[in-house]
Amino acid sequence: MELIPNSSSAAVIWVIDDTPANHRLVERSLPPSDGSYKLINYHSGQDALDELEVFLSDFEGAAHLPDVIFMDYYLGETNGGQVTVTLRKLFDEYKLQGPYIIGHSSMYSCSEVIKTLGGDIAITKNPRKEKSRDIVSLFPDLSSIALFAGRGRQRIPQ
């Protein structure tokens, strides 16, 4: 698959969750960054979608397209299922593979809803833990994150 241009080879990881403690859980659970990934937090699904539309429509925005997204279900007015459906639709319009979407809710059934609506995997979130066992198993080291670098920008073959 062809990549659209990007000045960086770093993986872009978005966390879409309305609770700051949940952003910190993801950060604590990922391996310490050496610059091989960028972690970007959104507290609103709509804010993430608004920025995504700008990034997709701007040639220079490619460097900000997400490769991996941790998606909460309960996000206020727009839930994580709705955000997932819209994300997939936007990337499809631009003929891009789009990100690896991880349903990341405190209720596993809600993570499963995200997976059903276009996510790739469902895990459980427990912000009271020092680290998420599920995140650590998905991304035990930097090389496991590097495998996703550029995924969001990969062109879908015609």
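The values are calculated or read from the model by the stated rules, or taken from the named source; none is laboratory data. Quick caveat: nothing in here was measured; it's all calculated off a predicted structure. Note that we place each Cβ from the backbone using ideal geometry, even for glycine, and neighbour counts take in every protein chain shown. Side chains are part of the model used for accessible areas, which takes the heavy atoms of the whole protein and leaves out ligands, DNA and RNA. Shrake-Rupley method; radii C 1.70, N 1.55, O 1.52, S 1.80 Å.
In whole Hz and in residue order, list the ³J(HN,Hα) couplings for region 60-67 that follow from phi through the Karplus curve 6.51 cos²θ - 1.76 cosθ + 1.60, θ = phi - 60°; x for Gly and Pro.
Working through the residues one at a time gives 6, x, 4, 5, 9, 5, x, 9 Hz.
Counting Lys and Arg as +1 and Asp and Glu as -1, each charge on the Cβ, what is the dipole of region 47-158 about the Cα centre in debye, to the nearest 20?
Numbers: 12 positive and 16 negative charges, 103 e Å.
Approximately 500 debye in magnitude.
Between region 6-40 and region 82-149, what is the C-alpha centre distance in whole Å?
Region 6-40 and region 82-149 have Cα centres separated by 12 Å.
Would you mind telling me the antiparallel percentage of the DSSP bridges in the chain, rounded to 5?
On the way: 2 of 20 bridges.
Around 10 percent antiparallel, to the nearest 5.
HN-Hα J couplings of region 117-127 from phi, Karplus 6.51/-1.76/1.60, θ = phi - 60°, integer Hz, Gly and Pro as x?
8, x, x, 9, 7, 10, 9, 9, 10, 9, x
Select from region 97-128 those trypsin sites (Lys or Arg not before Pro) which occupy a DSSP coil region and have at most 10 other Cβ atoms within 10 Å, ordered by residue number.
Numbers: sites: Lys115, Lys125, Arg128; in loops: Lys125, Arg128.
Those that pass, being in a loop and sparsely packed, are Arg128.
First compute the accessible area of region 114-158 with a 1.4 Å probe, then give the percent of it belonging to carbon and sulfur atoms.
Here it works out to 52 percent.
Note down the nm distance, to one decimal, between modelled labels 7 Å out along Cα→Cβ at Lys131 and at Val85.
It is 3.7 nm.
Which entries in Lys95/Lys131; Lys38/Lys131; Lys38/Lys129 show an alpha-carbon gap greater than 30 Å?
Listed pairs above 30 Å: Lys95/Lys131.
Where q = 0.09, 0.15, 0.21 Å⁻¹, what log10 of I(q)/I(0) comes from the Debye formula for the chain, counting one point per Cα?
-0.25, -0.73, -1.45
For Lys89, go through the lysines and keep the ones whose alpha-carbon is under 18 Å away, minus same-chain ones fewer than eight residues off.
Lys115
Run the numbers on region 22-133 and let me know its relative contact order in percent, using alpha-carbon pairs under 8 Å that are six or more apart.
Rounded, it is 27 percent for region 22-133.
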